[in-house]
Amino acid sequence: MKIVFVTECLGSGGAERQMVNLAIMMKNYGHSVHVLTWDSRDFYKRMLDDNKVPNNVVAIAKKKYLRSFTLSYCVRKMHPDVVISFLPGANIALCIGRLLGIIRFKLIISERNFTLNWSWRERMISKLYKVADLLITNSEAERKNYISNCEYPTKKICTIHNFVDTDYFKPSEDKCESESILVISRIRNYKNTHGMLTAAKILKDKGYAFKIIWVGHDYKDTYSDYIKQKIKDLNIEDIFILVAPNYDVLKFYQNASVFCLPSFREGYPNVIIEAMSCGLPILCSNVCENPYIVVDNINGFLFNPYDTSDIVRAFEVLFMQSDSKRFEMGYRNREKMLKNNTSKEFFEKYNNVIENMLFKK
């Protein structure tokens, strides 16, 4: 079976990580696999190269008005059995290619986020997506969102949750002695960096001893500059530390005592399930799929990301927990990942979807 994966780039995002790993799994199973992008960001290219998965940058597709034609014709020349696209840019381009009759092979598109606002543009995109053979969401919340708000055909949409490599993402043998709170997230407004640093200032002033390590791409834009200046203005440079993304994120998880994700919206967050696989308690916003993953006071704590005082409350509740309670939360998280989010289950679900699509009578 020949499978072509298409996405914007091989950057450091969670969606890219899931797609790259899926491509490697498919190749190792015996399928012929190729990955196409149009942007040169190559954070995960090394993984593809190490596993001998061919990958190419179609640079001309950077031009939006040419993207649908160039990508669709490029994929068509490869004569795949199925193409799988990740993220809106690739989804839209290939769906237009299907409308124009360029793409005649099976088309699976993947939605990795949660749609909060069904604007006119979002509704038009959802109508366009219906030309694909299947839309795969990574969260039940988004699948239900599409069905209820867009009358999306239930037979053309399904959910496959993200996987986590539980053999790689595992608890450290050494206990973290200090209160080290890890965040792995882009520095973006919707990721609520501002809310997190405001809460950090309040907690510091209350006398709590902790550090927040925020690992995320610095886009060197107005918002990033604002955040860096705000950290200085609040005098929290000693406890709020920005770190550039690293290819090997395991060390960050294993050196942390708790993981936090304060976003205003999420799909099915890779970083939460990776942290859970590493046996960390979770603090996260009570939005989208998060409350299906984290049960308040069972394996972590939820908060309202729009209310700084509630973020502070959640941290204070966590700080009051005994070591045994924290260990119990982390243990539950590890067991949950071993049961529900393995790479084997992830691969089998995708592979079954493809085989049923191609070979069903």
Specify the residue that is surrounded by the most Cβ atoms within 10 Å (Cβ to Cβ); the eligible residues are those in the range 98-155 that are touching a residue at least 60 places away in the same chain (Cβ under 8 Å) and among the acidic types (Asp, Glu).
111
Output for the range 112-143, where each listed residue is farther than 26 Å from residue 271 by Cα, of a type in the set (Gly, Ala, Ser) and either assigned to a helix (DSSP H, G or I) or touching a helix residue (DSSP H, G or I) at 6+ places or on another chain (Cβ under 8 Å) (or both)
126, 132
Test result for residue 279, among the small types (Gly, Ala, Ser), part of a helix (DSSP H, G or I) and in contact (Cβ under 8 Å) with a residue 12 or more places away in the chain
no
When restricted to 347, 303, the only residue in contact (Cβ under 8 Å) with a residue 40 or more places away in the chain and touching an Asp or Glu at 6+ places or on another chain (Cβ under 6 Å) is 303
Condition check: surrounded by 15 or more Cβ atoms within 10 Å (Cβ to Cβ), modelled with pLDDT of 95 or more and assigned to a strand (DSSP E or B). Does residue 182 satisfy that?
yes
Look at the range 256-287 and say how many of its residues are surrounded by 24 or more Cβ atoms within 10 Å (Cβ to Cβ), over 19 Å from residue 113 (Cβ atoms) and out of contact with any strand residue (DSSP E or B) (no Cβ under 6 Å at 6 or more places or on another chain).
3
For residue 353, indicate whether it is touching a Leu at 6+ places or on another chain (Cβ under 9 Å), over 19 Å from residue 185 (Cα atoms), of a type in the set (Val, Ile, Thr) and surrounded by 14 or more Cβ atoms within 10 Å (Cβ to Cβ).
yes
For the range 189-202, pairs from a residue that is more than 13 Å from residue 234 (Cβ to Cβ) to a residue that is part of a helix (DSSP H, G or I), with Cβ under 9 Å and 6 or more apart or across chains, are 189/223; 192/311
Matching residues in the range 79-110 (assigned to a helix (DSSP H, G or I) and either of a type in the set (A, V, I, L, M) or under 24 Å from residue 360 (Cβ atoms) (or both)) number 10
Some residue of the range 289-310 being among the charged types (D, E, K, R), part of a helix (DSSP H, G or I) and at pLDDT 95 or above
yes
Return the residue satisfying two criteria in turn: it lies in the range 148-164 and is assigned to a helix (DSSP H, G or I) and among the hydroxyl-bearing types (Ser, Thr, Tyr), and of such residues it is farthest from residue 132 (Cα to Cα).
148
Every residue from the range 189-217 that is assigned to a loop (DSSP other than H, G, I, E, B) and either buried (at least 16 other Cβ atoms within 10 Å of the Cβ) or not assigned by the TED database to the domain that holds residue 270 (or both)
192, 210, 216, 217
Which residues, counting only those in the range 218-229, are surrounded by fewer than 12 Cβ atoms within 10 Å (Cβ to Cβ) and either part of a loop (DSSP other than H, G, I, E, B) or at pLDDT 95 or above (or both)?
220, 221, 229
Just wondering, is there one or more residues in the range 230-252 that are over 19 Å from residue 187 (Cβ atoms), surrounded by 11 or more Cβ atoms within 10 Å (Cβ to Cβ) and out of contact with any Leu (no Cβ under 7 Å at 6 or more places or on another chain)?
yes
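The values are calculated or read from the model by the stated rules, or taken from the named source; none is laboratory data. Just so we're clear, the structure is a prediction, and the values are computed from it rather than from any experiment. Please note: Cβ atoms are built from the backbone with ideal geometry, for glycine as well, and neighbour counts cover all protein chains shown.
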